[in-house]
Amino acid sequence: MRLNFVLNGEQKTMEVPGEKRLLDFIREDLHLTGTKEGCGEGECGACTVVLNGQAIHSCLAVAGQLEDSELLTIEGLEKNGELDAIQKAFIKKSAVQCGFCTSGMVMSAKALLLHNPNPTQEEIKRAIAGNICRCSGYREIREAIHEAAASGNGGAV
Amino acid sequence: MSTEYLQPKSWGELKEDLQRLTEKSVILAGGTDLMPKIRSGKKEPDLYLSLCRMEELKAIDRQGEWLKIGAMAAHTQASEDPFIRKYFTALAMACSQVGSQQIRNKGTLGGSLANASPAGDIMPCIFLYGGKIEILGENGIRSVDAESFLLENGCTLLGRNELITSILLPLEEERKSCFVKLGSRREVTIAQISLCISWKEEDNEKKDMKGFIGAVDIRPVEFEKAYLLGENSEESREEAAAWLADKIRGIRSNRTRESKLKITEAEKLYKERAVKGIVFDAADWIERESTFHTGKKGEGKL
């Protein structure tokens, strides 16, 4: 099918089998490999992207669902060579260890701050409850999201 | 094998596409249950009918004395809807506790009902409110009671060329409700037991209490002694818990099929023992409810 969609702020038209997993479409056709595959069944959150302003698992979506939609992947956060406030805060707070969960974690945080620029600790916890990190633990990650929110720029598109 | 992908945008297209489904075809709503089945090879669809562009199926509207919830309304959308939060609080609570944020953003109420998992959180709420389910088929739309939609064997009565279009809930402005569940962890958890209760407040008393318990049998089970939770005493809570424990024990002893899960002898007794906890949680909520107001997003547990 012919797909019209916005990828990281840029209008795209592409031919794609509608039933192709969104995750595979992102990695294989769009060549954006920042989005990771962890469990492949919606448990780990590594493949999280933001579709129409909401965090979703790209492993549970199909490419056809992109039609007339806006997709934001981890690659779309950097603007004019400058990292997003969430990415900066992850670095500052050492919220990354092996890094495999990081892009999904950052995208969940992005979706949260888009809707709620001043989340409570409880709201941060809930927003990333579906993102599993098996090495660093969650404290630094929560602190980083809190810091990004406090900077006032985490919710900027 | 070639696979077809259909994504209708109008009723006309949807009706036509529906007639093309074969035994191997799938209807894609949110995909949160379906996609892992396809990935693992349990399903090999010849055709996908994706409902994601059917905007009409996403609407939540009041229609006279009914609330009509489109089958494609996502759990996040339902849990944030002011009308559902106010008049169907148990459903809003259930939706806000399903899976993770990503699952709630994508998974739909219609998909949950069509999937009919015994551990699903939505079906018990629809039973609680005496809801109806609208189904689109070859001869147009028909409406069935939720209790007859889910057959005794746990399957739905959906035919191959049929799909759920909406859920209808009867509006009783004075009715209040709540939902509690027990899972193996606090967040992103599948119910081991869920309990939803509704009641009316009259002269500072709780009347006409109803209840359904989920995840203990293949269908939601009616909690016939729900009225005990309106009495606000330790004895009545204990009695309610004991009644439910007996009920669950009965279901376990009458079960003839083997459990799909590998569970130990001790684990088999877990639900009948743990049910007391959620009975007390529900009773606490009911007691507190008089001070609960549908607040802004993210407030409290809801």
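Within the stretch A:133-148, does at least one residue satisfy the condition of being of a type outside the set (Ser, Thr, Tyr), touching a Leu at 6+ places or on another chain (Cβ under 8 Å), modelled with pLDDT of 95 or more and crowded, with 18+ Cβ neighbours inside 10 Å?
yes
Tally up the residues in the stretch B:162-182 that are surrounded by fewer than 18 Cβ atoms within 10 Å (Cβ to Cβ) and in contact with a strand residue (DSSP E or B) (Cβ under 9 Å, 6 or more places away or on another chain), please.
4
For the subset of the stretch A:73-113 comprising residues that are more than 15 Å from the chain's Cα centre (by Cα) and polar (S, T, N, Q), which member is surrounded by the most Cβ atoms within 10 Å (Cβ to Cβ)?
Step by step, filter the stretch A:73-113, then rank; the result is A:97.
For the stretch B:200-231: of the residues being aromatic (Phe, Trp, Tyr) and open to solvent by less than 70 Å² (accessible area, probe 1.4 Å), which is farthest from the chain's Cα centre (by Cα)? Don't jump to the end; show me each part of the working.
Residues of the stretch B:200-231 that are aromatic (Phe, Trp, Tyr), as a first pass: B:212, B:223, B:227.
Right, trim to open to solvent by less than 70 Å² (accessible area, probe 1.4 Å) and you get B:212, B:223.
Details: B:212: 11, B:223: 16 Å.
Filtering the stretch B:200-231 for residues that are aromatic (Phe, Trp, Tyr) and open to solvent by less than 70 Å² (accessible area, probe 1.4 Å), the one farthest from the chain's Cα centre (by Cα) comes out as B:223.
As an exercise: evaluate residue A:27 against (1) facing chain B (nearest Cβ under 10 Å); (2) without any contact (Cβ under 8 Å) to a residue 60 or more places away in the chain and give the number of the one condition it does not meet.
(1)
Taking residue A:8 as the residue in question, decide whether it is within 12 Å of another protein chain (Cβ to nearest Cβ) and either open to solvent by 10 Å² or more (accessible area, probe 1.4 Å) or touching a His at 6+ places or on another chain (Cβ under 6 Å) (or both).
Answer is no for this residue.
If a residue has to be more than 8 Å from chain A (Cβ to nearest Cβ) and outside any helix (DSSP H, G or I) to count, how many in the stretch B:7-29 make the cut? Explain how you work it out, then say what you get.
So the first thing to find is which residues in the stretch B:7-29 are more than 8 Å from chain A (Cβ to nearest Cβ), and the list is B:8-27, B:29.
Now narrow it down to the ones that are outside any helix (DSSP H, G or I): B:8-10, B:19-27, B:29.
Selection size over the stretch B:7-29: 13.
Output the residues belonging to the stretch B:64-84 that are open to solvent by 20 Å² or more (accessible area, probe 1.4 Å) and assigned to a helix (DSSP H, G or I).
Taking the stretch B:64-84 and keeping what is open to solvent by 20 Å² or more (accessible area, probe 1.4 Å), we get B:64-66, B:68, B:77, B:80-83.
Of everything in the stretch B:64-84, those that are open to solvent by 20 Å² or more (accessible area, probe 1.4 Å) and assigned to a helix (DSSP H, G or I) turn out to be B:77, B:80, B:82, B:83.
Mind checking whether some residue in the stretch A:29-38 is polar (S, T, N, Q) and at pLDDT below 95?
Within the stretch A:29-38 (the criterion being polar (S, T, N, Q) and at pLDDT below 95), the answer is no, since none of the residues qualifies.
So, in the stretch B:30-39, exactly how many residues are out of contact with any helix residue (DSSP H, G or I) (no Cβ under 6 Å at 6 or more places or on another chain), more than 8 Å from chain A (Cβ to nearest Cβ) and not β-branched (Val, Ile, Thr)?
So the count comes out to 2.
Just wondering, is there one or more residues in the stretch A:64-72 that are surrounded by 18 or more Cβ atoms within 10 Å (Cβ to Cβ) and within 19 Å of residue B:75 (Cβ to Cβ)?
Yes.
Of all residues in the stretch B:246-292, which are outside any helix (DSSP H, G or I) and either open to solvent by 80 Å² or more (accessible area, probe 1.4 Å) or not polar (S, T, N, Q) (or both)?
Within the stretch B:246-292, B:255, B:256, B:257, B:258, B:260, B:261, B:262, B:263, B:269, B:292 qualify.
The values are calculated or read from the model by the stated rules, or taken from the named source; none is laboratory data. Keep in mind it's a predicted model, so treat the numbers as computed, not measured. Glycine gets a Cβ as well: all are built from the backbone with ideal geometry, and neighbour counts include every protein chain shown. The accessibility values were calculated without ligands, DNA or RNA, using every heavy atom of the protein model including side chains. Shrake-Rupley method; radii C 1.70, N 1.55, O 1.52, S 1.80 Å.
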